[in-house]
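None of the figures in this text is laboratory data; all of them are computed from the coordinates on show. Not measured: the values here are computed from a predicted model. Glycine also receives a Cβ, built like all others from the backbone with ideal geometry; neighbour counts cover every protein chain displayed.
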Amino acid sequence: MDLHKTLGSYNLALDAHRRPTSAPCSQISTKPLVKQNKSVSAKHTVKAAVVIFCDLSKFQQFTAQYGDITCSSIVESLFTQFDGIASPLQLTPLKTNGDQYIAVSFCADDTSSTTSLSRCVRNTIEFALKARNLVSSNPVLFSSSCQLRVGIATGSVVAGDSNRSFAGFDIWGSTVNQAAMLEQFTAPNTIAVCAKTYGLFSKHAFHSGVTETDNRTNAALHNSLAGQRDDKLPTCETYFKDTYSQSVLFYRTQLQTKSTSSIAYIC
């Protein structure tokens, strides 16, 4: 696939391997959204969801080198491992499209605070880190310079079954489009998140006491908690540490798309 370079600075994060949090994250079961009558398409607006798109760079070259059958087996095995990561983190795998993997974390509509959504964001970023580590540690993919690109966006989605006879459960909306755009235009081996995702992640880490920041970043986080817009979050790097003291480092940058540029946070 075509490679698109990320503008601005970024640093590769160390992959986190902490166990999923014991506190349950409120989720919306996809079962009530699945229609019983195939002649009626029941769709619902889910106000809070975290959407993730994953894609392998240089996959066309990889396929040309090893052939379709071998590559399909490798990708199927890889995505099965992705499913294994997604389940305990309460992510719902939606579909795959060749070397692309799409999943979503639904947050309960009745939540009265951002706590539940922040956990969804945290779990989705953890999934991304572990998925990237799986790709990087695969000797065949590594030897072919195949790396994972990830895009994560947070917001409302329309969820339900498609009207098409052979289509199943799916999601639609601007949040889905944003996650796809972030994945498409970030550099290989990076995770790009939107400003809202980064804001929720930083606030969750700040309240949990797991951030290590300099004074300027600390002040900016305080201001964001006081109601500043997410796009005013600090431009310098911010460290988030998990229970195993592994650092995750995000940088604010701009992704250059075909027609415009978009603010993103990269690790």
Apply the Karplus curve 6.51 cos²θ - 1.76 cosθ + 1.60, θ = phi - 60°, to the phi angles in the range 165-182 and return the couplings in whole Hz, x for Gly and Pro.
4, 9, 9, x, 5, 7, 10, 9, x, 5, 5, 5, 4, 5, 4, 5, 5, 4
Strictly greater than 18 Å: what percent of every Cα pair in the range 100-190 meets that?
56 percent
Taking the beta-carbon count within 10 Å as an exposure proxy, list Ile171, Ile191, Ile85 from fewest neighbours to most.
Ile85, Ile171, Ile191
Note to self: Kirkwood Rh of the range 65-122, Cα pairs, one decimal, Å, is 13.3 Å
Tell me, Lys258, Lys95, Lys43 in order of fewest to most beta-carbon neighbours within 10 Å?
Lys258, Lys95, Lys43
The exposure ranking of Thr260, Thr124, Thr45, Thr253, fewest beta-carbon neighbours within 10 Å first, is Thr260, Thr45, Thr253, Thr124
